[in-house]
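Notes to accompany the following structure.
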Amino acid sequence: MLLFLIFVYELFANTQTRKSKYRRLVELSDLLLESIRTHTSFLDEGITYSELSEEDQQRLEEDYHEEGEEVPEYIPETDIDRWLFNAETVDNVLQTLMDQGIHVDGGETLGKSIIFAANRKHAEYIVERFGKLYPKLTGGYIKHVVHGYDYSHSIIDEFKLKDKPIIVVSVDMMDTGIDVPEIVNLVFFKTVRSRVKFRQMIGRGTRLRPELDVVDPLSTAHPGGAYSDKERFFIFDWCRNFEFFELGGDAEDGRMAESLSEAVFSRKVQLVKDFQTVEYALIEWQDWRSELVAETHEQVQELDEELVSVRLHRAAVQKFKQEAAYQFINDSDLATLQTEIAPLVHDSESDIDALRFDKIMYGYMCAICEGGRTEPFERRLLAVATSLQKMVTIPQIKEKLPLLQRMIEEYFFDNVSALTLESIRKELRGLIKFLVGSGPGRKIIYTSLSDPVIEVEYGTEMMHDDDYVDYRLKVNRYLQDYSDNAVISKLHRNEPLTEEDFQELERFFTVELGTADDYSSAYGETPFGLLVRSIVKLDHDAVMQTFAGFINDEGLSDQQMAFVHRVIDYIEANGCMEPLALAQAPFDRPQGFARLFDRTRQMSLVKIIKSIKDNAMVPAA
């Protein structure tokens, strides 16, 4: 399903010049939502084999049999672009972006765009299809970024600083923290069910940008859709995300949907509390409680107190970093662990399917200990055992066959204990991947079926209730209007901050301008000081003064001096720089950092760069 969501900034300022009028946009704008909802059968309803044409049935059979798989009667829409990739579906997305997206440079090229993809294979396939649709658009017009790829951060830097790539296909790499004012098109080609994350992703397009020379195919306010400054951006939503949130999806009050790590942590600490009572006094129960305490305590210990989200819950985090805090968990402690700590933790488990199984099993255990309903858990576990028995040709599953056979016996679950369930969890969690497709039980299917657009709906409405965007506008306005504030001025001039200065920043963002949740929704984990820097920038003279000693080194060659000035320009524009960026684009050409400078100068330059960032993040001694 396609949904253009067009965020329009109306210009009402009564100033004399266009540039001053544009600056006032931050203060006086309203956000409009113009939507064009276009439906395709596969993305709305999935694929039903019997409803396909004979030609498509034959093609789907061939594609499945090529991978040694049998064609199912029904493939749900949630599996489209997760493990089944259909060429026409992807082509529809790309052609719509290219034809109807906002263009720049007088309409000569598509404006900067992000496509949010479901997974690595999906991202790779999108780039592949683009190459077949637009073979003349070479030279890095479109690239994909994925966690774990060494070059991903270099591509993001290129997207920020260079003309190309025009399109970046992102898998969880550009949801938050990416500040590229030139972005005018966002494409949601994945399902998002966290309202906070969804707002953060939308935030990639909210930055103002003058003099883009825009051509807007849907504009009626300008002749030919042409205007100079960025007045709006498009969101193409193919996966009913806006419809989901309009119908009340996500937790109350816009709280982020519970992650797997959060759910497992919450259930573990619930068991830690449950096992304090007399019926669990035997050694085997207390040994298990000690294991749970060690696991949850380790996760809290790993929390980085420099992150904004952790700083906002500092008292709770510091308390539960002490192992003694787990000796006895009262109701208040449990509430703190589940509402403040659990959303912050991250489980290091790399097997996501196993982690999902952990969530079910710990939920089952909690239901038994708390006297809750166990039938839903019994049915799911029985389904797992039954399905695994059909795959005994896989050696790992065959090894567990005696356990699986016991589990499907009629009375197995009648008086099952949490200890028994824990043993089952450990035995089976590594096998779940064979059921859900990350192991040899499911393969990626590429096919080419007919999936045309079947319906189009148009509409325009005011977005009065988007507190997230209002918050960003308030932040921008505040930092512009109060640039002479002592703390903001220090950040602009690269002066060290005190602990009191950081407390004042926290008060700005989480009390005066909004709440901690507002900040998290809009800016994710971006530290307060670095956010200010990204908006007010760094004073040129201050940066030059910081680099003065290095620049005045008479032994520097012209090429080395040019490199240093590129670094200075980058830091001025972005507020800081990661030392790792020295080895990435655009600093890796014509000669890389490691070859250009000897080790002493490398260390010196890195120290200067780090000191500039630290001045925005670490209180002065």
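The values are calculated or read from the model by the stated rules, or taken from the named source; none is laboratory data. Nothing here was measured: the structure is a model prediction, and the numbers come from that model. Positions of Cβ are generated from backbone atoms using ideal geometry, with glycine treated the same way; all protein chains shown enter the neighbour counts. Areas reflect the complete protein model, heavy atoms only, side chains present, ligands, DNA and RNA absent. Shrake-Rupley method; radii C 1.70, N 1.55, O 1.52, S 1.80 Å.
If you go through segment 578-621, how many residues are of a type in the set (D, E, K, R) and within 33 Å of the chain's Cα centre (by Cα)?
Kept after step one, since they are of a type in the set (D, E, K, R), are these residues of segment 578-621: 578, 588-589, 595, 598-599, 601, 607, 610, 613-614.
Still in the list and also within 33 Å of the chain's Cα centre (by Cα): 578, 588-589, 607, 610, 613-614.
Here the count works out to 7.
Only one residue in Leu505, Leu513, Leu497, Leu530 is touching a Pro at 6+ places or on another chain (Cβ under 8 Å), touching a residue at least 12 places away in the same chain (Cβ under 8 Å) and of a type outside the set (Gly, Ala, Ser). Which one?
Leu497
Which of the residues that make up segment 190-212 are assigned to a loop (DSSP other than H, G, I, E, B), in contact with a helix residue (DSSP H, G or I) (Cβ under 6 Å, 6 or more places away or on another chain) and open to solvent by 50 Å² or more (accessible area, probe 1.4 Å)?
Within segment 190-212, just Pro210 meets the criteria.
Determine the pairs where a residue that is on the phi > 0 side of the Ramachandran plot, located within segment 224-240, has a partner that is at pLDDT below 85 and open to solvent by 10 Å² or more (accessible area, probe 1.4 Å) with Cβ atoms under 6 Å apart, the partner being 6 or more residues away or on another chain.
So the pair list comes out as Gly225/Pro217; Gly225/Ser219.
From Lys613, Lys607, grab the single residue that is closer than 21 Å to Pro496 by Cβ, charged (D, E, K, R) and open to solvent by less than 50 Å² (accessible area, probe 1.4 Å).
Going through Lys613, Lys607 in turn, just one is closer than 21 Å to Pro496 by Cβ, charged (D, E, K, R) and open to solvent by less than 50 Å² (accessible area, probe 1.4 Å): Lys613.
Could you check how many residues of segment 520-549 are open to solvent by 20 Å² or more (accessible area, probe 1.4 Å) and either more than 30 Å from Arg199 (Cα to Cα) or among the aromatic types (Phe, Trp, Tyr) (or both)?
Of the residues in segment 520-549, 8 are open to solvent by 20 Å² or more (accessible area, probe 1.4 Å) and either more than 30 Å from Arg199 (Cα to Cα) or among the aromatic types (Phe, Trp, Tyr) (or both).
Kindly state which helices (runs of 4 or more DSSP H) lie completely within segment 30-139 and contain at least 3 residues that are surrounded by 18 or more Cβ atoms within 10 Å (Cβ to Cβ), in contact with a Phe, Trp or Tyr (Cβ under 6 Å, 6 or more places away or on another chain) and of a type outside the set (D, E, K, R).
87-100
Does segment 605-612 include one or more residues that are more than 19 Å from His153 (Cα to Cα) and free of Cβ contacts under 8 Å to residues at least 24 places away in the same chain?
Within segment 605-612 (the criterion being more than 19 Å from His153 (Cα to Cα) and free of Cβ contacts under 8 Å to residues at least 24 places away in the same chain), the answer is yes, since at least one residue qualifies.
I need the full set of residues from segment 482-532 which are at pLDDT below 80 and aliphatic (A, V, I, L, M), in order please.
Ala522
Condition first: among the β-branched types (Val, Ile, Thr), surrounded by 15 or more Cβ atoms within 10 Å (Cβ to Cβ) and not in a loop (DSSP other than H, G, I, E, B). Now tell me which residues in segment 350-408 satisfy that.
Ile360, Ile368, Val384, Ile397
Exactly one of (1) within 30 Å of Leu344 (Cα to Cα); (2) of a type in the set (S, T, N, Q); (3) open to solvent by 20 Å² or more (accessible area, probe 1.4 Å) is unmet by Asn552. Its number?
(1)
The conditions are (1) open to solvent by less than 20 Å² (accessible area, probe 1.4 Å); (2) of a type outside the set (Val, Ile, Thr); (3) not in a strand (DSSP E or B), and Ser154 fails exactly one of them. Which is it?
(1)
So which residues in segment 157-169 are at pLDDT below 90 and aliphatic (A, V, I, L, M), if there are any at all?
Matches in segment 157-169: Leu161 only.
All but one of (1) in contact with a helix residue (DSSP H, G or I) (Cβ under 8 Å, 6 or more places away or on another chain); (2) acidic (Asp, Glu); (3) touching a residue at least 12 places away in the same chain (Cβ under 8 Å) hold for Glu306; which doesn't?
Evaluating Glu306 over (1) in contact with a helix residue (DSSP H, G or I) (Cβ under 8 Å, 6 or more places away or on another chain); (2) acidic (Asp, Glu); (3) touching a residue at least 12 places away in the same chain (Cβ under 8 Å) leaves (1) as the failure.
Within segment 402-438, which residues are in contact (Cβ under 8 Å) with a residue 40 or more places away in the chain and of a type in the set (A, V, I, L, M, F, W, C)? Break it down into steps so the answer makes sense when it comes.
As a first pass, look at segment 402-438 and keep what is in contact (Cβ under 8 Å) with a residue 40 or more places away in the chain: 416-419, 421-422, 424-425, 428-438.
Within segment 402-438, Val416, Ala418, Leu419, Leu421, Ile424, Leu428, Leu431, Ile432, Phe434, Leu435, Val436 meet the criteria.
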